[in-house]
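Asker: Have a look at this one before I ask anything.
The values are calculated or read from the model by the stated rules, or taken from the named source; none is laboratory data. Because the structure is predicted, anything quoted here is derived from the model rather than measured. In this analysis, Cβ positions are derived from the backbone assuming ideal geometry, glycine residues included, and neighbour counts consider all displayed protein chains. Ligands, DNA and RNA are stripped out before the accessible areas are found, and what is left, the full protein with its side chains, is counted by its heavy atoms. Shrake-Rupley method; radii C 1.70, N 1.55, O 1.52, S 1.80 Å.
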Amino acid sequence: MRQRRKTIIGIVLAVFFLTGCGGEFSGFSRERTASGGAVSGEAVSGGAVKLVEKDRSENYSYCNEQNLYYVENGTEILTEHNRQSGEEHRLPVKGIRDICYVDEDWVYYVTCSSDGEQSEDHIWRAPVRKEKQWKLDETAAELILERNRRASWAPIYWCNGSYIVYQEPEGEGSTLKLYNIRKKQYEPGGDLGSGFLYVEELFEESVIITCDSGLVEKKLGSDTINLIRGEERSRIIYTESDVLNNELFWMEWEGNEKNDALWRYWLEDGKKEKLLDLAQIRQLLKGWGALEDCECETSAGHEIHLNNLFIRGDHLYAQLWILGGHDVPECRNMIVISKKRDGSGEWEWEKEINEYLHNPEADQKLFGKLTKSGYEVESIYRSRGSVVMMAGDICLMYLEHTREKKNQLASYDFQTGTFKWLTKQDWQWWLPYYEWGMGLNTHGYSEYMPNNFEME
């Protein structure tokens, strides 16, 4: 199972390209938002071919209509960044660990203290003073919740302004904890089994978790538990959500047949639909001739995986990872297809994105690709990287820059049709606090690159 990550990348990426280029910063936080003001986007430290579990320890970053909020990694500084002026207000907060929610009136954050074996977490909220140019007033912070825990178990606290949600270890598993902020009391989490559970998303009226039963919706303030997908948890490999539209998307692996599938669930009425599966994908790719540009014996010999899902405006984008048959050499290819969210029309080939992902014929050379275990696999790469995320009108990709002999971030602007290589100076401007202050972590994408630059 792969956990969707909330990082500063998406929102600051939009700031960099929109306000930095003279445009207005509008719409992004309302297109891809979680828990009201959470910045959403797939992180730049992705998974392997078969989507592995994500690290759940990263910091969150959030926004409201006026400001971005993030915690500088390795510091006890909460930064408030004005989206229009670019002015930053840096606030020292003793023991701050995460921001867990932001709206127009409050910023919710977590502080922590520890004696080595036990830790004490405090969840606070501080008001945003509209009469003082929307600045955070840390001197008026209110304590909402205080709890002790094992120092070795640092949960992610989810918040929507009404509830604080987290998981707590118990016996050989974990339990769901629901704290009602207004009533100042815990509510029953319900019978979700005895194994480990993981919070996937918090909506206004529901929390989505994966547990022994499968993918589950727990209604807040009631005893209602809806089983969204009763499959083995290991088959739910990725979740993505659109909180404002009350939609949940997930990808699953069907088993030995490798029939990956993409699903959508509407929280309002509990309906769900399968949007795509590998049988459909194979037919689409065959029709586009996408499985015929290599020397594999048959198109049926290709192994295809749903690698990622991106939500942008009124479109869904599915990224596919294609491996050639069991021939030697092995060919590898990454492509993107799209479809309107309302269900109208068919899945389409993303011409511009796929052109940038395509590895030029002259560069499709046989080489020994190093695996994580250190072995070499004779490979030919038809693609030169992958899409990392989409934000507003920007598609962020991580590609091989052949001329520079390195892998590099690049952007494509859907509105203007322009492509740009991002320099280290560019991305350090808007990724300075990502991945523990180390800058851009691209190790997880090395498997998709037509080189061994990051494995040597």
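Asker: Go through Lys218/Lys271; Lys272/Lys339; Lys274/Lys351; Lys286/Lys405; Lys274/Lys340 and tell me which ones have a Cα-Cα distance over 26 Å in this structure. Mind showing how you got there, number by number?
Answerer: Working: Lys218/Lys271 15 Å; Lys272/Lys339 17 Å; Lys274/Lys351 24 Å; Lys286/Lys405 33 Å; Lys274/Lys340 14 Å.
From Lys218/Lys271; Lys272/Lys339; Lys274/Lys351; Lys286/Lys405; Lys274/Lys340, over 26 Å: Lys286/Lys405.
Asker: Now for a separate question. Can you grab the distance from the C-alpha centre of region 74-138 to the C-alpha centre of region 352-374, Å, no decimals?
Answerer: For region 74-138 versus region 352-374, the Cα centre distance is 43 Å.
Asker: What does the highest-first list of 382-394, 118-130 look like by mean Cβ count within 10 Å? Intermediate values should be presented prior to the final figure.
Answerer: On the way: 382-394: 23.6, 118-130: 17.7.
Result, highest mean Cβ count within 10 Å first: 382-394, 118-130.
Asker: Hey, what D do you get for region 82-234 in µm²/s if you plug the Kirkwood alpha-carbon radius into Stokes-Einstein at 10 °C and 1.306 mPa s?
Answerer: On the way: Rh = 17.0 Å.
The Stokes-Einstein estimate is 93 µm²/s.
Asker: Follow-up question, since we're still on this one. Starting from a Cα-only point model with no solvent, please compute log10 I(q)/I(0) by Debye for region 304-383 at q = 0.23 1/Å.
Answerer: Values returned for q = 0.23 Å⁻¹ are -1.08.
Asker: Order 396-405, 66-75 from most to least packed using the mean count of other Cβ atoms within 10 Å. Present the calculation step by step, with values, prior to reporting the outcome.
Answerer: Working: 396-405: 16.8, 66-75: 19.4.
Ranked by mean Cβ neighbours within 10 Å, highest first: 66-75, 396-405.
Asker: Same structure, new question: So, by mean Cβ neighbours within 10 angstrom, what's the order for 76-85, 303-312 with the highest one leading?
Answerer: Working: 76-85: 17.2, 303-312: 20.9.
Order by mean packing, descending: 303-312, 76-85.
Asker: Related question: Would you mind getting the accessible area per residue of region 115-197, heavy atoms of the protein chains only, 1.4 Å probe, in Å²? The partial results should precede the final answer.
Answerer: Numbers: 4470 Å² over 83 residues.
Value for region 115-197: 54 Å² per residue.
Asker: Checking the a/c ratio against 1.5 first, then a/b against b/c, what shape does the Cα gyration tensor give for region 157-264? Walk me through the numbers on the way to the answer.
Answerer: Numbers: a/c = 2.47, a/b = 1.49, b/c = 1.65.
Since a/c reaches 1.5 but b/c is at least a/b, the shape of region 157-264 is classed as oblate.
Asker: Have a look at region 341-391 and give its Rg and Dmax from the Cα atoms, expressed in angstrom.
Answerer: Spelled out, the Cα radius of gyration and Dmax of region 341-391 are 15.7, 46 Å.
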